[in-house]
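Asker: This is the structure I want to talk about, given as structure tokens.
The values are calculated or read from the model by the stated rules, or taken from the named source; none is laboratory data. A quick note: this is a predicted structure, and the numbers were derived from the prediction, not measured. Cβ sites come from the backbone with ideal geometry, for glycine too, and all protein chains shown count toward neighbours.
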Amino acid sequence: MESISRISSMLENARDLTIEAAQSANAGRSSKSGSSSRSIPFTQLQKLLDSRNDRDILEGLRKVVSMIYQGKPCLPYFSSVVKNVANPNIEVKKLVYIYLLHYAESDPDLALLSVNAIQKSLTDQNPQVRAMALRTMSGMRVPVISQIVSLAIKRGCADMSPHVRKASALAIPKCYRLDPNTLPQLLECLSILLGDKQYFVVGPAVSAFLELCPDRIDLIHKHYRELVRKLVDMDEWSQLATLQLLMHYSRRCFPRQTKRVTKVEGKGFYSDEPGEEVDTGEQAVVLDPDLELLLRACKPLLQSRNSAVIISVVSCFLYLGTSEYLKDAVGPLIALLRAPSDIQQVALYNIVSTALISPPLFVPYASRFLIHSTDPPNVWRLKLELLTIIFPHCGLHQKSIIVSELEHFAQGTSLDLIRESVRAIGRCAQADPRTSTRCFKVLLKQISENPNNTLLVSEALTVIRHLIQQDPTSHKETVIRLAKNLDMTTSAEARASIIWLVGEYAGVEPENNIAPDVLRILASAFADESEPAKQQILLLAAKVYLHYLNNNSNSQPSPNLEQEQEQEPAVKYYHQQQQQHSQKEKDTHPISLLYNYIHLLTRYDTSYDLRDRARTFKALLSNPHSTQLASLLLLAPKPVPSAPSPSETRKGLMLGSMTLVFGREVAGPAGVRGYGEGELPAWVEEGQQPDGRLRDVHVDLDTADKGSLLAGAGGQGKGGGGQAVG
Amino acid sequence: MSAVIEALYVYDEQNNCILEHVYHARPPSPKSLLSQFKACPVPRPALLYLSDLSPATTVASVYHSNTLFLCPSGTDQNALTLLEFVHRVIDVFEDFLGPPLLAHKIENNYDIIAQLLGEICDGGAICNTEPNALRENVEVAGLIGKLFTHVGLPGSSPALGASNNLVANLKAGSNPNSGPAIPWRRPNVRHTSNELYVDILEDVSVILAPSGRPISAVSSGSIAFTAKVSGIPELVLTLSAPGGSSSSKVTSIFRVMQSPVFHPCVRLARWKERPGELSFVPPDGRFVLAGYEVDLIPSYGGVDAPPSRGEKLFMPAMVDLRTGLGEKGSDFEVRLTLNTEFPGAYTSSKPRAPGTSTPSFSFGGSSSGSSNAPTLEAVVVSIPLPAGVRRLENLRPSRGEAMFQQFAQSVQWKVPTKDGASVSGTAVLSGTVIGPLHAGDVEDEDEDAETSNSMTTNPLLGYYDEDSASIPGKPSAPVASKGSKVASAKDKILSAAQQKAAQATKALMPRSVNLSFTVRGWLPSGIRVDSLIIDTRKSRGLGENVKPFKGVKYMTVSRKGIERRG
């Protein structure tokens, strides 16, 4: 949801911000020089703080607080300020507390003096004062008082006012940070607060639980259903913490159960005829009723205005639920794209990640992923990826729109955009063989129309090469077209790429191959070629020559075979004839002439690299009768390249996490620090889960075996209430 | 691993840190954080991983008016939580300090900011971001007190006299031992004039294919609500959408308003039961009640045929881009069509074909734009140009003024609509691009330019199209329609030099145009407020016979949202 500040600025007549800023800056400056607030002398401020009049004290405190934020030294006022901590005026208290929170750490001894007064406020009649006192005491980073704080928390847990109970829930992690030894007392308080009636007390308690002891799920059992019920009423921040907790809890308490799907088939004409149950062979997930309770409670949260909540619900459905639940969440997830651009960027990573898991769900929203010219790079990059992910699942109409769009951006002016668009076209073609012809055409057209756009052409050729390599048999024609296009192509890289492709195809249909012909044409203008192209021409020459040799030797059996096999004289004679013929022809055959000519050219080339290569090939192919090694080197089958979606590397990363945004390349193999803690545990094995009856509220700790309950019920056995249903 | 806010830093335009508030742990100092942040290349993503800092820190950044908000985090957590937190803090600051939030406002009100920051987040845990609830706990004095009197509240003046006691008394009135009945509304609201305002704002985003057909048209709406009503009012806001008979009104709003999100005050069950009805107790003041989106050309995934209703997209203005014109193919033309049949009565279910009647249309510049006579304002066409364009010649707008902004590499064409005079429904801007100096040797290539132009407009054309016949049914309708001209010269092979020149010119052509505008009194989705009722039986504290003033405003903006591909 847009923030009110953004909406307001759009609704009201466009205000000229700069003018307003200038005006207010002037006003600010005049007030700066006019009022004494900025440069009040030490003694005067001291006097205000020491005054008996609340109004003066308040004014003094305001100035001190302002000075804290201005970065001016305020420690000298410590005693004068802290003296006021016992002041009954609540406003004075507030400001003193702010000061204390800032400076207690720098001067713990003096701060200790104030503790007594704060403690007194813990028993004040006004709940607001009590809550504030508790907050301040726990917030002062003075480890000595940890015991006092933990006592105050204990007392706060039983307070009448929910505000104080909330403050004590918030104080628990702070106290733990002060002194981890207070954990036992804090856990007691925590288990009380987790069961609080007020939803806004439970939220902070859940956060505290996650910080102190996320593994103690035994504390959650009896509150589970209550937490699920309160989820809708909580504020958004508590919802986030609670969802996090419940996701971990569910993974550890509800084993993934599946059952065979049976379908009633062959239903007769009359409804009373029993149908036949047929096993469809599919596995359906069976949800524990308690888990289903959570998933159903999550649904209304999809209408939350907080994008983080929506992502949490989506991950809840993704990691715990079934695809039916996920289906409901896709719309709200995509709706995050209308948020401010910063949220949009982060949300897109999550959308891509979810789309990789189940692309068909995202197809109806394809038009949302089309790129606007105003999109920043990280947005269009992800949108392009989304388009290619859903591409194979789209209808023909959408497919053609997507390809046209990609084509449009492939001709753009931003180099990155061109590169990514062309790659995206390639991914589309790979993913959906039926449209690959169309994609192919688009790519070829790009090359033929924009021969001067070096980047576009070389990128397109790389993609084409990948596509051809994946399915070599059906692309014979393409290679011919490309070769024809050599005349128009000026980019060195592109020419090299095409020549290489021709070389790869030199062995197909030896009688009717264009490779020698291409070589002939290229040889004529060899001197004008760029170095990469020259290298490829040399390679092409070597390949063509090798094929020529192989073909000739194939038609005549190798000496080994001849020895092993008894052959008819007639055949033998024929072979001899052939051999003689080929020997004679060898030096005059156009291919060998061409090969020698290229060698001659490269031998006197300026590039030593090229000369070296020529020497290598010459040595390899020196003996026309042993081409085995050369074949191994030159005609080795090339591995089929694959161009996965860029976000494939992010697969498996936790939805919503920062590591997902950065990827492991940036954040390191372990992700952003603390990533592992947020990762969900694996599903609990069936039989290892805690007893489902623990979640029944009426089951008291006394009635059940206390020891085994606390141990997380490792060997508790089966037959729990929730499980029996499954 | 729950969300932990470590610190919040605010910087002004001069990169001075004007606010530093540390909640938890030991985040990097504002200075080192900013220097690392600035070291990243622009445009910077909203979330950055600064691995050079020790320890490596993630930082969420939000720019707001002239300030920069940074929120560092040393550990992995939900990335959006940080961003949402910063946005919420900005909202709260604006609520307390008055919009717009400027650097000096923060500097002048540190005492209030300090209290707010303390209340919003406690020891790293976000605990209270509702402005109304914060009003309870944060004292505002001095300048800001005026705001209170402005909204009819007893402000706490610097003199802690009677008025402050009044505040205290008011607070004592609520039962301290029970929690707040309504967390988002402060108790004991008093207003002398009771007013309710609904502002519905839609932001349109349309992409038009070169053929002029829309391929994406989404309108994202927000309902802003201003409640200045005493006591605890129970409100019911009923929305409706066009289409269907009155009996199916409910279903039409359900269909039109997609993926709605609501302020926590809205009763979700009621909405689910009766779509279109928002039942809520509003917070005091201004807030966003709901957000939604509308797909103006609903698409059905998986269906192979193009949507039949796709062409009937109705927009108050449209643009068309034609490139590669003129003798040398270096001219372009942008045609802006102001819709002459602006829907005074858009509610009529039958959308009319735009642009059929006589092109004369009076833009009422005087009125503020009621729903009966919507006004179109701030029409700006921006034409981004490729980096190679050195300058433009013959930039001739038929109306308004157009300027080439070298810095932004784009043409801004402002078309006035406020003159009130009867004007032609179309306006044309033409221009010639001049590329880099060395690419000037273009000679005698009229025909070739034409050829290359036709090649760009027909995506199926290429030297590879011999195969196209063998693929049955591949070129579907919209693609075929894109090619306006049938290329006769497809086998023509251009000579290298000519082609190079044509290519160079083509590369300088604008690829798309964007249209921005503002319309008051009209929404593309057609959503309307049917009624806003105060349920007097359930409301409390709203005196007898008080009839609050109610106001409704509709507005549509396009912020470069309409994009036409060339």
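Asker: Has the stretch A:405-415 got any residue that is modelled with pLDDT under 85 and of a type in the set (V, I, T)?
Answerer: Yes, there is a match, as at least one residue in the stretch A:405-415 is modelled with pLDDT under 85 and of a type in the set (V, I, T).
Asker: Then there is this: Would you check if A:V661 is without any contact (Cβ under 8 Å) to a residue 12 or more places away in the chain, aliphatic (A, V, I, L, M) and in contact with a strand residue (DSSP E or B) (Cβ under 6 Å, 6 or more places away or on another chain)?
Answerer: Numbers: without any contact (Cβ under 8 Å) to a residue 12 or more places away in the chain: no; aliphatic (A, V, I, L, M): yes; in contact with a strand residue (DSSP E or B) (Cβ under 6 Å, 6 or more places away or on another chain): yes.
When the stated conditions are applied, A:V661 does not pass them.
Asker: Looking at the stretch B:83-100, which of the residues that are closer than 21 Å to B:A46 by Cβ and within 7 Å of chain A (Cβ to nearest Cβ) is surrounded by the fewest Cβ atoms within 10 Å (Cβ to Cβ)?
Answerer: Taking the stretch B:83-100 and keeping what is closer than 21 Å to B:A46 by Cβ, we get B:83-94, B:100.
Filter again for within 7 Å of chain A (Cβ to nearest Cβ), leaving B:83-84, B:87, B:90-91, B:94, B:100.
On the way: B:L83: 27, B:E84: 28, B:H87: 26, B:I90: 22, B:D91: 23, B:E94: 22, B:P100: 20.
The extreme case among them is B:P100.
Table: residues versus (1) farther than 18 Å from B:K560 by Cβ; (2) aromatic (F, W, Y); (3) in contact with a Lys or Arg (Cβ under 6 Å, 6 or more places away or on another chain).
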| residue | (1), (2), (3) |
| --- | --- |
| A:H372 | no, no, no |
| A:N378 | yes, no, no |
| A:R381 | yes, no, no |
| A:L387 | yes, no, no |
| A:F391 | yes, yes, no |
| A:G395 | yes, no, no |
| A:Q398 | yes, no, no |
| A:I402 | yes, no, no |
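Asker: Quick one: is A:G321 at pLDDT below 90 and in contact with a strand residue (DSSP E or B) (Cβ under 9 Å, 6 or more places away or on another chain)? Show your work before the answer.
Answerer: Working: at pLDDT below 90: yes; in contact with a strand residue (DSSP E or B) (Cβ under 9 Å, 6 or more places away or on another chain): yes.
Yes, satisfied.
Asker: While we're looking at this one, here's another question. Filter the stretch B:210-237 for residues that are closer than 19 Å to B:A290 by Cα and touching a Gly at 6+ places or on another chain (Cβ under 6 Å) and give the result. Reasoning before the result, please.
Answerer: Of all residues in the stretch B:210-237, those closer than 19 Å to B:A290 by Cα come to B:218-228, B:233-237.
B:S222 - this is the single residue of the stretch B:210-237 that is closer than 19 Å to B:A290 by Cα and touching a Gly at 6+ places or on another chain (Cβ under 6 Å).
Asker: Taking the condition of being of a type in the set (V, I, T) and buried (at least 22 other Cβ atoms within 10 Å of the Cβ), how many residues in the stretch A:408-434 meet it?
Answerer: Narrowing the stretch A:408-434 to residues of a type in the set (V, I, T): A:413, A:418, A:422, A:425.
Applying the additional criterion that residues be buried (at least 22 other Cβ atoms within 10 Å of the Cβ) yields A:422, A:425.
Of the residues in that region, 2 qualify.
Asker: Need at least 2 residues that are closer than 30 Å to A:I499 by Cα, over 25 Å from the mean Cα position of the chain (by Cα) and within 11 Å of chain B (Cβ to nearest Cβ) per element, so show me which helices (runs of 4 or more DSSP H) inside the stretch A:364-462 make the cut, counting only ones lying wholly within it. Give the steps one after another, and end with the answer.
Answerer: Values: elements: A:377-390, A:396-410, A:415-431, A:436-449.
Where helices (runs of 4 or more DSSP H) fall fully within the stretch A:364-462 and carry at least 2 residues being closer than 30 Å to A:I499 by Cα, over 25 Å from the mean Cα position of the chain (by Cα) and within 11 Å of chain B (Cβ to nearest Cβ), they are A:396-410, A:436-449.
Asker: Sort out which residues of the stretch B:104-115 are more than 8 Å from chain A (Cβ to nearest Cβ) and either over 23 Å from B:K38 (Cα atoms) or surrounded by 22 or more Cβ atoms within 10 Å (Cβ to Cβ) (or both), and write them in order of number.
Answerer: Keep residues of the stretch B:104-115 that are more than 8 Å from chain A (Cβ to nearest Cβ), which gives B:106, B:109, B:112.
Correct list: B:N109, B:I112.
Asker: If A:K534 satisfies every condition in (1) farther than 15 Å from A:A483 by Cβ; (2) surrounded by fewer than 18 Cβ atoms within 10 Å (Cβ to Cβ) but one, which is the exception?
Answerer: (2)
Asker: Condition first: under 35 Å from the mean Cα position of the chain (by Cα) and among the basic types (K, R). Can you find one or more residues in the stretch A:171-180 that meet it?
Answerer: yes
Asker: Tell me, yes or no, whether the stretch B:119-134 has at least one residue that is farther than 23 Å from A:S138 by Cα and buried (at least 22 other Cβ atoms within 10 Å of the Cβ). Even if it seems obvious, please write down each step before you answer.
Answerer: Kept after step one, since they are farther than 23 Å from A:S138 by Cα, are these residues of the stretch B:119-134: B:130-132.
Retained after the next criterion (residues that are buried (at least 22 other Cβ atoms within 10 Å of the Cβ)): B:130-131.
Looking through the stretch B:119-134, at least one residue is farther than 23 Å from A:S138 by Cα and buried (at least 22 other Cβ atoms within 10 Å of the Cβ).
Asker: Starting from residues that are more than 11 Å from B:V519 (Cβ to Cβ) and at pLDDT 80 or above, keep the ones in the stretch B:367-382 and report whichever is surrounded by the most Cβ atoms within 10 Å (Cβ to Cβ).
Answerer: The selected residue is B:V381.
Asker: Return the residues of the stretch B:205-238 that are part of a strand (DSSP E or B), more than 30 Å from A:I334 (Cβ to Cβ) and of a type in the set (V, I, T); say none if nothing qualifies.
Answerer: Once the filter is applied, which keeps residues that are part of a strand (DSSP E or B), more than 30 Å from A:I334 (Cβ to Cβ) and of a type in the set (V, I, T), the stretch B:205-238 yields only B:I232.
Asker: Please enumerate the residues belonging to the stretch B:62-82 that are of a type in the set (S, T, Y), more than 7 Å from chain A (Cβ to nearest Cβ) and crowded, with 24+ Cβ neighbours inside 10 Å.
Answerer: In the first step, residues of the stretch B:62-82 are kept if they are of a type in the set (S, T, Y); the result is B:63, B:65, B:67, B:73, B:75, B:81.
Now narrow it down to the ones that are more than 7 Å from chain A (Cβ to nearest Cβ): B:63, B:67, B:73.
Matches in the stretch B:62-82: B:S73 only.
Asker: Scan the stretch B:116-139 for residues that are closer than 15 Å to A:Y97 by Cβ, at the interface with another protein chain (Cβ under 7 Å from one of its Cβ atoms) and in a loop (DSSP other than H, G, I, E, B) and jot them down.
Answerer: Once the filter is applied, which keeps residues that are closer than 15 Å to A:Y97 by Cβ, at the interface with another protein chain (Cβ under 7 Å from one of its Cβ atoms) and in a loop (DSSP other than H, G, I, E, B), the stretch B:116-139 yields B:G123, B:E139.
Asker: Can you tell me which residues in the stretch A:664-692 are without any contact (Cβ under 8 Å) to a residue 12 or more places away in the chain and more than 7 Å from chain B (Cβ to nearest Cβ)? Don't jump to the end; show me each part of the working.
Answerer: Within the stretch A:664-692, the subset without any contact (Cβ under 8 Å) to a residue 12 or more places away in the chain is A:666-670, A:673-674, A:676.
Hits for the stretch A:664-692 are A:G668, A:P669, A:A670, A:G676.
Asker: Still on this structure, I have one more. For the stretch A:315-323, does any single residue satisfy the condition of being more than 8 Å from chain B (Cβ to nearest Cβ), assigned to a loop (DSSP other than H, G, I, E, B) and closer than 23 Å to A:R438 by Cα?
Answerer: Step one: filter the stretch A:315-323 for residues more than 8 Å from chain B (Cβ to nearest Cβ), giving A:315-323.
If we keep only those that are assigned to a loop (DSSP other than H, G, I, E, B) too, we end up with A:321-322.
Add one more test, that the residue is closer than 23 Å to A:R438 by Cα, and what stays is none.
No, the stretch A:315-323 contains no residue that is more than 8 Å from chain B (Cβ to nearest Cβ), assigned to a loop (DSSP other than H, G, I, E, B) and closer than 23 Å to A:R438 by Cα.
Asker: For A:S238, work out the one condition from (1) of a type in the set (S, T, N, Q); (2) more than 13 Å from chain B (Cβ to nearest Cβ); (3) crowded, with 23+ Cβ neighbours inside 10 Å it doesn't fulfil.
Answerer: Every condition holds for A:S238 apart from (2).
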